[in-house]
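Each remark here refers to the structure printed beneath this line.
Every number in this text was worked out from the coordinates using simple rules, so none of it is lab data. Worth saying up front: this structure is predicted, and the values here are computed from it rather than measured. When we count neighbours, we look across all protein chains shown, and the Cβ atoms used for this are built from the backbone with ideal geometry, even at glycine.
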Amino acid sequence: MLLNTRGPKHGRRLLLSSVIRSTALYAVPSWIKGMETRSYRRSLESTHRLRAIRVCSAFRTISDDAALVIAGLLPIDEYAAIASDSFTASRQTNSTTTDQQSGLEHRRAWQSSLRRWQERKHGAVNFYLTQLLSGHGCFSSYLKRFNHDESDECTWCGAGIVEDASHVLQHCPRFDVERCRLQNVMGELVTSRNLIRRMTADPDVWEAVSAFAVRVTKVLRKLER
Ligand SMILES: [Zn+2]
């Protein structure tokens with residue numbers, strides 16, 4: 001089992017986990033109809049979710065969607081459909097129906113929304129960055145939600161200010177120095193809206209956000225103890 005804070009880095013985790021996907025989808029064209037049965041699909045989805053969590057070093061409380069996006073993976077039924085479509089296309093090139101065509105187009109649209117994130121040539125995710133991106137980590141709002149803390153208030157700001165990933169990233173004065181370093185690299189204020197766009201476009205920004213995540217998470221983890 002891969003540990004969150006030690007062991008292989010993101011690229012190797014992704015490679016190792018692709019073996020699980022290949023094994024899970026072996027001979028998929030012959031059983032893809034079975035994905036319509038909820039219990040069968042759920043069983044594959046839970047293995048795939050675990051795979052995503054191990055790739056991006058997330059806590060198990062993360063949502064399925066967030067885990068997949070941060071890990072850079074598609075949902076398992078998308079992989080199954082792609083594998084099955086490829087097989088079918090190799091057998092019958094000109095006989096796709098309108099429904100099949102529509103399904104293919106939908107899948108292509110879905111895939112393109114993740115493409116920018118997945119096809120970046122830089123940027124590994126890790127335990128610290130995943131916490132900042134998912135909001136699942138050592139933030140008071142998260143700790144309170146899972147009964148590990150009595151209050152979701154920021155211990156630095158007080159006055160009812162909730163400490164979540166967004167507060168830590170954009171506003172909390174406790175991390176002014178770290179934020180200043182990050183914004184110097186970005187050349188603009190960091191916001192939840194420009195974060196992913198800038199990270200995927202610029203390797204230096206990715207590294208700066210990653211460094212910010214490490215410093216912030218380590219400080220918050222110390223306070224948590
Ligand atoms: Zn604060």
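Highlighted here are the helices (runs of 4 or more DSSP H) found entirely within the stretch 1-66 that include at least 2 residues which are of a type in the set (A, V, I, L, M, F, W, C) and surrounded by 14 or more Cβ atoms within 10 Å (Cβ to Cβ): 10-24, 38-56. Put simply, of VAL185, VAL177, VAL219, VAL168 the only residue that is away from the ligand (no atom under 13 Å from the Cβ) and surrounded by 12 or more Cβ atoms within 10 Å (Cβ to Cβ) is VAL185. Of all residues in the stretch 62-78, those satisfying the criterion of being over 12 Å from HIS136 (Cβ atoms) and small (Gly, Ala, Ser) are ALA71, GLY72. When every residue of the stretch 143-152 is checked against the conditions, none turns out to be of a type in the set (Phe, Trp, Tyr) and either crowded, with 21+ Cβ neighbours inside 10 Å or within 19 Å of the chain's Cα centre (by Cα) (or both). Of all residues being polar (S, T, N, Q) and more than 11 Å from the ligand (Cβ to nearest atom) in the stretch 142-165, which is nearest to THR130 (Cα to Cα)? Just the residue, please. So the residue we want is ASN147.
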